[in-house]
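Everything below concerns the one structure shown next.
The values are calculated or read from the model by the stated rules, or taken from the named source; none is laboratory data. Quantities reported herein were computed from a predicted structural model and do not represent experimental measurements. Note: areas computed on protein heavy atoms with side chains; ligands, DNA, RNA excluded. Shrake-Rupley method; radii C 1.70, N 1.55, O 1.52, S 1.80 Å.
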Amino acid sequence: MKNFLRKTRNTLYESCNFLELIMALIVLAAVIIACISLGDSFLTYWNNKQSDGAFLTFVGRVFNILIGIEFLKMLCQPSEDTVLEVLIFLVARHMILEPTTAAENLISILSIGLLFGIKKYITLPGRKGSFNIFSGHSGSDKS
């Protein structure tokens, strides 16, 4: 019975990996299409460059593509770094493109700072050579 459960879990896990790969391919296709359509967005921006929101509209499309690329990286190589990069781009996009209050800007700046701090100082298990906050010892220790 235990062998059957182990095989079933392994099969489900491999199925999830396969579905994740399919989703990554779909996201890749969407990013490529978005990059191609960026040319039209640039021409629209160029033709309306005197308008107040033309540049922010164009930058919004660029940010969407960058977030898509970071999301694709996260699907292909899931790690704490890729997740944090996606979150940093999302917060930055919100802060730059959305009309926000001073308090919301402060919260966004603190959020980005916190995300950078997490990325720099907190290392999850599996990374060697730096302090690991979750296990309480350096990754280079042999324990």
Report the residue, chosen from T101, T44, T11, that carries the largest GNM mean-square fluctuation when the chain is represented by alpha-carbon nodes joined by springs under 10 Å.
T11
Specify the residue with the greatest mean-square fluctuation among C76, C35, C16, computed from a Gaussian network of the chain linking alpha-carbon atoms under 10 Å apart.
C16
Most mobile listed residue (L75, L115, L12) in the chain, GNM with C-alpha springs under 10 Å:
L12
Ranked order, Y45, Y121 - accessible area, probe 1.4 Å, largest first
Y121, Y45
Roughly how many Å² of R6 are accessible to a 1.4 Å probe, to the nearest 10?
140
The extension gain from I36 to L66, computed as 0.36 nm times the residue separation minus the Cα-Cα distance, is 9.4 nm
Return the calculated 222 nm mean residue ellipticity for the chain, to the nearest 500 deg cm²/dmol, obtained by summing -39500 (n - 2.57) across DSSP H runs with n ≥ 4 and dividing by the residue count.
-26500 deg cm²/dmol
With no solvent term and unit scatterers on the alpha-carbon positions of the chain, Debye gives log₁₀ I(q)/I(0) at q = 0.11, 0.20 Å⁻¹ of -0.65, -1.18
With every protein chain in place, what's the accessible area of L87 (1.4 Å probe, Å², nearest 10)?
70
